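Asker: The structure is given below, and queries will be raised subsequently.
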Amino acid sequence: MKHLSMSRLFVLLAMGGTIVCTSAQVTRAGNITVNAGYDLLQTAGTTQFMGISFTSVPLNTFDFGGSIGVKTVLKTDTILQRMSDAVVSASGDTVRVAEQLDALQMKSVNPYTGTDFGAPITNQYLYVTLQSARVGGGTISTGYSDITINSVGSGQSGTFFSHLDVFYDIHAGSLTATPIFSNSSTFMPLSLDSSNNAWQNTVPTGTNSPLINLVNYKLNGTSTLNDFWLAGAGITHDSTGANHHDVVPADCPEPGSFAMLAIGAMGLVGYRWRQRAKKS
(Lines give C-alpha, C1' and ligand atoms only; values in the text may rest on other atoms or scores of the structure.)
Protein backbone atom coordinates (compact mmCIF):
# COMPACT_ATOMS: atom_id res chain seq x y z
CA MET A 1 0.00 0.00 0.00
CA LYS A 2 1.42 3.39 -0.95
CA HIS A 3 1.39 6.29 1.48
CA LEU A 4 0.21 9.69 0.28
CA SER A 5 2.54 12.49 1.34
CA MET A 6 1.36 16.08 1.63
CA SER A 7 3.56 17.06 -1.28
CA ARG A 8 2.00 14.34 -3.39
CA LEU A 9 -1.45 15.40 -2.28
CA PHE A 10 -0.80 18.98 -3.29
CA VAL A 11 0.37 17.96 -6.74
CA LEU A 12 -2.55 15.58 -7.10
CA LEU A 13 -5.11 18.18 -6.17
CA ALA A 14 -3.46 20.72 -8.40
CA MET A 15 -3.94 18.34 -11.26
CA GLY A 16 -7.45 17.50 -10.21
CA GLY A 17 -8.26 21.17 -10.22
CA THR A 18 -6.90 21.72 -13.66
CA ILE A 19 -9.68 19.63 -15.00
CA VAL A 20 -11.66 22.69 -14.25
CA CYS A 21 -11.00 24.75 -17.25
CA THR A 22 -13.10 27.44 -18.72
CA SER A 23 -15.10 27.65 -21.86
CA ALA A 24 -16.77 30.22 -24.02
CA GLN A 25 -20.04 30.77 -25.81
CA VAL A 26 -20.52 33.38 -28.44
CA THR A 27 -23.46 35.58 -29.32
CA ARG A 28 -23.28 38.27 -31.96
CA ALA A 29 -25.15 41.47 -31.28
CA GLY A 30 -23.02 44.30 -32.58
CA ASN A 31 -19.98 43.18 -30.63
CA ILE A 32 -18.98 39.51 -30.22
CA THR A 33 -20.26 38.24 -26.89
CA VAL A 34 -19.25 35.17 -24.90
CA ASN A 35 -22.26 34.18 -22.83
CA ALA A 36 -22.29 33.22 -19.18
CA GLY A 37 -22.87 29.49 -18.71
CA TYR A 38 -21.54 26.24 -17.36
CA ASP A 39 -19.09 23.54 -18.42
CA LEU A 40 -20.09 19.99 -17.49
CA LEU A 41 -16.85 18.01 -17.36
CA GLN A 42 -15.79 14.47 -16.60
CA THR A 43 -12.45 12.96 -15.65
CA ALA A 44 -11.26 10.66 -18.42
CA GLY A 45 -9.57 7.64 -16.91
CA THR A 46 -7.65 8.54 -13.75
CA THR A 47 -5.59 11.38 -12.40
CA GLN A 48 -2.10 9.94 -11.99
CA PHE A 49 0.63 11.43 -9.81
CA MET A 50 3.71 9.79 -8.38
CA GLY A 51 2.00 6.39 -8.24
CA ILE A 52 -1.19 7.76 -6.64
CA SER A 53 -4.37 7.66 -8.70
CA PHE A 54 -7.68 9.45 -8.26
CA THR A 55 -10.76 8.92 -10.40
CA SER A 56 -14.15 10.50 -11.02
CA VAL A 57 -17.12 10.42 -8.65
CA PRO A 58 -20.23 11.32 -10.72
CA LEU A 59 -22.54 14.02 -9.39
CA ASN A 60 -25.61 12.46 -11.05
CA THR A 61 -27.72 15.58 -10.37
CA PHE A 62 -26.91 19.23 -9.68
CA ASP A 63 -28.97 22.22 -8.54
CA PHE A 64 -28.24 25.15 -10.85
CA GLY A 65 -30.66 27.35 -8.91
CA GLY A 66 -33.11 29.90 -10.23
CA SER A 67 -35.50 28.88 -12.98
CA ILE A 68 -33.21 26.04 -14.11
CA GLY A 69 -33.24 24.17 -10.81
CA VAL A 70 -32.11 20.58 -10.32
CA LYS A 71 -31.00 18.81 -13.49
CA THR A 72 -29.60 15.39 -14.29
CA VAL A 73 -25.89 15.69 -15.10
CA LEU A 74 -25.07 11.96 -14.91
CA LYS A 75 -21.30 11.34 -15.10
CA THR A 76 -20.34 14.98 -14.61
CA ASP A 77 -17.84 15.30 -11.73
CA THR A 78 -16.71 18.90 -12.29
CA ILE A 79 -18.80 22.00 -13.00
CA LEU A 80 -17.27 25.36 -13.90
CA GLN A 81 -19.39 28.47 -14.20
CA ARG A 82 -18.65 31.63 -16.18
CA MET A 83 -20.17 34.36 -14.02
CA SER A 84 -20.85 36.94 -16.72
CA ASP A 85 -20.84 37.60 -20.44
CA ALA A 86 -17.58 38.62 -22.08
CA VAL A 87 -17.63 41.11 -24.95
CA VAL A 88 -14.96 41.70 -27.59
CA SER A 89 -15.16 44.06 -30.54
CA ALA A 90 -13.37 41.97 -33.17
CA SER A 91 -12.20 38.47 -34.03
CA GLY A 92 -8.82 37.74 -32.43
CA ASP A 93 -9.51 39.86 -29.36
CA THR A 94 -9.19 38.50 -25.81
CA VAL A 95 -11.34 39.34 -22.81
CA ARG A 96 -11.26 38.27 -19.13
CA VAL A 97 -14.34 36.91 -17.36
CA ALA A 98 -14.83 35.82 -13.76
CA GLU A 99 -15.29 32.13 -13.06
CA GLN A 100 -16.44 29.95 -10.19
CA LEU A 101 -15.81 26.28 -9.58
CA ASP A 102 -19.20 24.94 -8.49
CA ALA A 103 -18.47 21.22 -8.13
CA LEU A 104 -15.56 18.77 -7.97
CA GLN A 105 -15.70 15.15 -6.76
CA MET A 106 -12.86 12.63 -6.91
CA LYS A 107 -11.98 9.34 -5.19
CA SER A 108 -8.66 7.56 -4.77
CA VAL A 109 -8.41 4.49 -6.98
CA ASN A 110 -6.83 2.53 -4.10
CA PRO A 111 -7.40 2.65 -0.32
CA TYR A 112 -4.98 4.79 1.68
CA THR A 113 -3.02 3.85 4.78
CA GLY A 114 -0.86 6.41 6.56
CA THR A 115 -0.54 9.30 9.00
CA ASP A 116 -0.08 12.25 6.62
CA PHE A 117 -3.21 13.89 8.02
CA GLY A 118 -2.47 13.42 11.73
CA ALA A 119 -4.50 10.50 13.07
CA PRO A 120 -3.68 7.13 11.48
CA ILE A 121 -5.85 6.08 8.55
CA THR A 122 -5.99 2.40 7.64
CA ASN A 123 -7.17 1.03 4.31
CA GLN A 124 -9.70 3.76 3.49
CA TYR A 125 -10.45 5.53 0.22
CA LEU A 126 -9.75 9.27 0.08
CA TYR A 127 -12.25 11.71 -1.40
CA VAL A 128 -11.83 15.26 -2.69
CA THR A 129 -14.67 17.79 -2.57
CA LEU A 130 -14.94 21.57 -2.57
CA GLN A 131 -15.31 23.50 0.67
CA SER A 132 -18.28 25.28 -0.90
CA ALA A 133 -20.09 21.91 -0.98
CA ARG A 134 -20.20 21.71 2.81
CA VAL A 135 -23.56 21.77 4.55
CA GLY A 136 -24.02 25.45 5.32
CA GLY A 137 -21.44 26.44 2.71
CA GLY A 138 -17.74 27.20 2.76
CA THR A 139 -15.05 29.13 0.95
CA ILE A 140 -15.89 29.44 -2.75
CA SER A 141 -13.29 28.53 -5.39
CA THR A 142 -13.04 31.42 -7.84
CA GLY A 143 -10.84 32.60 -10.67
CA TYR A 144 -10.96 33.98 -14.19
CA SER A 145 -10.58 33.03 -17.82
CA ASP A 146 -8.96 34.93 -20.66
CA ILE A 147 -11.02 33.98 -23.72
CA THR A 148 -9.81 34.58 -27.26
CA ILE A 149 -12.24 34.39 -30.18
CA ASN A 150 -10.39 33.55 -33.37
CA SER A 151 -13.32 32.92 -35.71
CA VAL A 152 -16.99 33.84 -35.65
CA GLY A 153 -20.22 32.68 -37.23
CA SER A 154 -21.37 29.07 -37.57
CA GLY A 155 -17.85 27.80 -36.86
CA GLN A 156 -17.01 30.01 -33.92
CA SER A 157 -13.89 28.88 -32.06
CA GLY A 158 -10.85 30.10 -30.19
CA THR A 159 -8.56 29.46 -27.25
CA PHE A 160 -8.63 30.20 -23.52
CA PHE A 161 -6.43 30.48 -20.44
CA SER A 162 -7.91 29.63 -17.05
CA HIS A 163 -6.81 30.48 -13.50
CA LEU A 164 -8.53 29.12 -10.38
CA ASP A 165 -7.92 29.39 -6.64
CA VAL A 166 -9.28 26.10 -5.30
CA PHE A 167 -10.39 25.48 -1.72
CA TYR A 168 -10.85 21.78 -1.05
CA ASP A 169 -11.56 19.21 1.65
CA ILE A 170 -10.08 15.72 1.97
CA HIS A 171 -12.31 13.00 3.44
CA ALA A 172 -11.53 9.42 4.45
CA GLY A 173 -14.11 6.72 3.87
CA SER A 174 -16.87 8.69 2.14
CA LEU A 175 -17.73 11.97 0.44
CA THR A 176 -19.72 13.09 3.48
CA ALA A 177 -17.27 12.11 6.21
CA THR A 178 -15.85 14.89 8.38
CA PRO A 179 -12.89 16.44 6.50
CA ILE A 180 -9.49 15.23 7.67
CA PHE A 181 -7.71 18.04 5.85
CA SER A 182 -8.66 21.45 4.40
CA ASN A 183 -6.54 24.13 2.77
CA SER A 184 -6.88 27.91 3.00
CA SER A 185 -5.53 31.04 1.37
CA THR A 186 -2.57 30.96 3.78
CA PHE A 187 -2.15 27.20 4.36
CA MET A 188 -1.30 25.15 1.27
CA PRO A 189 -3.13 27.51 -1.12
CA LEU A 190 -3.92 25.92 -4.46
CA SER A 191 -3.75 28.09 -7.58
CA LEU A 192 -4.28 26.35 -10.91
CA ASP A 193 -3.52 27.48 -14.43
CA SER A 194 -4.38 25.91 -17.76
CA SER A 195 -3.37 27.54 -21.05
CA ASN A 196 -3.59 27.20 -24.82
CA ASN A 197 -6.82 25.22 -24.67
CA ALA A 198 -9.08 25.14 -27.73
CA TRP A 199 -12.83 25.59 -27.79
CA GLN A 200 -15.52 25.44 -30.45
CA ASN A 201 -19.24 26.14 -30.61
CA THR A 202 -20.26 22.69 -31.89
CA VAL A 203 -20.53 19.42 -29.99
CA PRO A 204 -17.43 17.36 -30.86
CA THR A 205 -18.04 14.31 -33.00
CA GLY A 206 -18.63 11.27 -30.83
CA THR A 207 -19.49 13.30 -27.73
CA ASN A 208 -22.62 12.12 -25.95
CA SER A 209 -23.11 14.70 -23.19
CA PRO A 210 -26.11 15.93 -21.21
CA LEU A 211 -27.58 18.90 -23.10
CA ILE A 212 -29.32 21.34 -20.77
CA ASN A 213 -30.87 24.49 -22.17
CA LEU A 214 -29.30 27.69 -20.84
CA VAL A 215 -26.68 25.65 -18.96
CA ASN A 216 -24.38 24.27 -21.67
CA TYR A 217 -26.79 24.19 -24.63
CA LYS A 218 -28.60 26.92 -26.60
CA LEU A 219 -27.17 29.58 -24.33
CA ASN A 220 -28.70 32.33 -26.45
CA GLY A 221 -32.12 30.77 -25.83
CA THR A 222 -32.86 29.80 -29.42
CA SER A 223 -29.95 28.05 -31.17
CA THR A 224 -26.61 26.31 -30.70
CA LEU A 225 -24.71 29.05 -32.51
CA ASN A 226 -23.32 30.38 -29.24
CA ASP A 227 -22.54 27.10 -27.48
CA PHE A 228 -19.04 26.15 -26.35
CA TRP A 229 -17.34 22.76 -26.19
CA LEU A 230 -13.80 21.61 -25.61
CA ALA A 231 -12.36 21.08 -29.08
CA GLY A 232 -11.59 17.52 -30.09
CA ALA A 233 -11.65 14.77 -27.48
CA GLY A 234 -10.90 17.11 -24.57
CA ILE A 235 -7.88 18.53 -22.78
CA THR A 236 -4.80 16.88 -21.31
CA HIS A 237 -3.24 18.64 -18.33
CA ASP A 238 0.37 17.80 -17.54
CA SER A 239 2.06 18.52 -14.24
CA THR A 240 5.56 17.04 -14.35
CA GLY A 241 6.39 14.60 -17.09
CA ALA A 242 4.29 11.46 -16.70
CA ASN A 243 1.81 13.10 -14.32
CA HIS A 244 -1.38 13.84 -16.22
CA HIS A 245 -5.11 14.41 -16.06
CA ASP A 246 -7.49 14.23 -19.01
CA VAL A 247 -10.91 15.87 -19.06
CA VAL A 248 -13.71 15.55 -21.60
CA PRO A 249 -17.29 16.80 -21.84
CA ALA A 250 -19.36 14.76 -19.39
CA ASP A 251 -20.83 11.60 -20.88
CA CYS A 252 -24.28 10.08 -20.56
CA PRO A 253 -25.73 6.70 -21.58
CA GLU A 254 -25.90 6.13 -25.32
CA PRO A 255 -29.34 6.71 -26.87
CA GLY A 256 -29.26 3.07 -27.92
CA SER A 257 -29.10 2.05 -24.27
CA PHE A 258 -32.33 3.89 -23.55
CA ALA A 259 -33.89 2.35 -26.64
CA MET A 260 -32.96 -1.15 -25.54
CA LEU A 261 -34.39 -0.51 -22.09
CA ALA A 262 -37.62 0.75 -23.63
CA ILE A 263 -37.89 -2.27 -25.95
CA GLY A 264 -37.27 -4.60 -23.03
CA ALA A 265 -39.92 -2.89 -20.93
CA MET A 266 -42.44 -3.08 -23.77
CA GLY A 267 -41.68 -6.77 -24.23
CA LEU A 268 -42.27 -7.44 -20.54
CA VAL A 269 -45.59 -5.60 -20.59
CA GLY A 270 -46.66 -7.58 -23.67
CA TYR A 271 -45.69 -10.86 -22.03
CA ARG A 272 -47.71 -10.10 -18.88
CA TRP A 273 -50.72 -9.05 -20.99
CA ARG A 274 -50.63 -12.36 -22.89
CA GLN A 275 -50.38 -14.33 -19.66
CA ARG A 276 -53.40 -12.54 -18.26
CA ALA A 277 -55.32 -13.12 -21.49
CA LYS A 278 -54.66 -16.87 -21.29
CA LYS A 279 -55.92 -17.03 -17.70
CA SER A 280 -59.12 -15.23 -18.60
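The values are calculated or read from the model by the stated rules, or taken from the named source; none is laboratory data. On a predicted model such as this, the values are computed, not experimentally measured, just so you know. Every residue, glycine as well, gets a Cβ built from its backbone with ideal geometry; the counts of neighbours run over all protein chains shown.
Asker: Can you list the strands (runs of 3 or more DSSP E) lying wholly within the range 48-142 that have 1 or more residues being not assigned by TED's automatic domain parsing to the domain that holds V215?
Answerer: Ranges flagged: none.
Asker: Further question: For the structure I just gave you, tell me whether H163 is at pLDDT below 90, out of contact with any Cys (no Cβ under 9 Å at 6 or more places or on another chain) and not in a loop (DSSP other than H, G, I, E, B).
Answerer: Yes; evaluated as a whole, the condition is true for this residue.
Asker: Same structure, new question: Of everything in the range 60-81, what is in contact with an Asp or Glu (Cβ under 6 Å, 6 or more places away or on another chain) and touching a residue at least 24 places away in the same chain (Cβ under 8 Å)? Give them in sequence order.
Answerer: Correct list: K75, I79, L80, Q81.
Asker: Moving on. Considering the range 127-152 alone, what residues qualify as being touching a residue at least 60 places away in the same chain (Cβ under 8 Å) and more than 19 Å from the chain's Cα centre (by Cα)?
Answerer: Hits for the range 127-152 are I149, S151, V152.
Asker: Additional query: Pairs needed: first member in the range 204-219, outside the structural domain of G69 (by TED's automatic domain parsing); second member anywhere, at pLDDT 90 or above; C-beta distance under 7 Å; at least 6 residues apart or different chains.
Answerer: Nothing qualifies.
Asker: Shifting gears a bit: More than 30 Å from T202 (Cβ to Cβ), surrounded by 14 or more Cβ atoms within 10 Å (Cβ to Cβ) and hydroxyl-bearing (S, T, Y): does that describe Y144?
Answerer: Working: more than 30 Å from T202 (Cβ to Cβ): no; surrounded by 14 or more Cβ atoms within 10 Å (Cβ to Cβ): yes; hydroxyl-bearing (S, T, Y): yes.
When the stated conditions are applied, Y144 does not pass them.
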